[in-house]
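Worksheet: one structure, shown below.
The values are calculated or read from the model by the stated rules, or taken from the named source; none is laboratory data. This is a predicted model, so every value here is computed, not measured. Cβ coordinates were reconstructed from backbone atoms using ideal geometry, including for glycine residues, and neighbour counts include every protein chain displayed.
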Amino acid sequence: NPLSLRWERKTIEKPKTKINLEEKVGRSMDSRRRGKNASMQRKLQQLRSVTNSSAVNKASIIVDATRYIEELKQKVDGLNSELGTAESSISQDELPMVTVETLERGFLINVFSERNCPGMLGAILDAFEELGLDVLDARVSCEDTFQLEAVGGESQENESIDAQVVKQAVLQAIQNMD
């Protein structure tokens, strides 16, 4: 029959309107906000665990973290000062061993150092010169360690000096190199 009607069921889609777009944008922003909040909560939880904080709100956790950082800074300062003290005592221990024996007309001077420092021989010879000692004989080795054995004679015009003065002058010359 040509006049028969056929019924079809069609769903009519709601046209995309400005309101629908705003809803989608709002949902998207809510999703991002939830993600940021979750990220912030994870970071705060990490701060709590690192600082052993029992605080639950954000401000208290941050205050605890700030205190923890200050404590760490104080510990670092303390360790640095201990390290400085240890280094200065080590450098005192690294001073060369100096022995001076009195001879008939002069001194036998022995200097030994675990480390060889450029300029050490020059500094020691300058000290001899300032004391008015003439180097009569010397043996020096300065490859890995520093070793000096020298015989220093007092010059004629110089007044008498003792072995302790020579030793102190040599040690002072070495310390003043740095």
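Values computed for the structure shown
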read-out: Test: residue in region 147-157 that is more than 23 Å from Arg105 (Cβ to Cβ) and modelled with pLDDT of 90 or more; value: yes
read-out: Selected residue (criterion: surrounded by the fewest Cβ atoms within 10 Å (Cβ to Cβ)) from residues of region 144-178 that are of a type in the set (A, V, I, L, M) and assigned to a loop (DSSP other than H, G, I, E, B); value: Met177
read-out: Residue count, region 132-143 (criterion: more than 43 Å from the chain's Cα centre (by Cα), more than 16 Å from Gln168 (Cα to Cα) and surrounded by 14 or more Cβ atoms within 10 Å (Cβ to Cβ)); value: 2
read-out: Tally, over region 54-87, of residues that are surrounded by 11 or more Cβ atoms within 10 Å (Cβ to Cβ) and more than 29 Å from the chain's Cα centre (by Cα); value: 4
read-out: Residues satisfying the stated conditions in region 114-131, i.e. surrounded by 15 or more Cβ atoms within 10 Å (Cβ to Cβ) and free of Cβ contacts under 8 Å to residues at least 60 places away in the same chain; value: Met120, Leu121, Ala123, Ile124, Leu125, Ala127, Phe128, Leu131
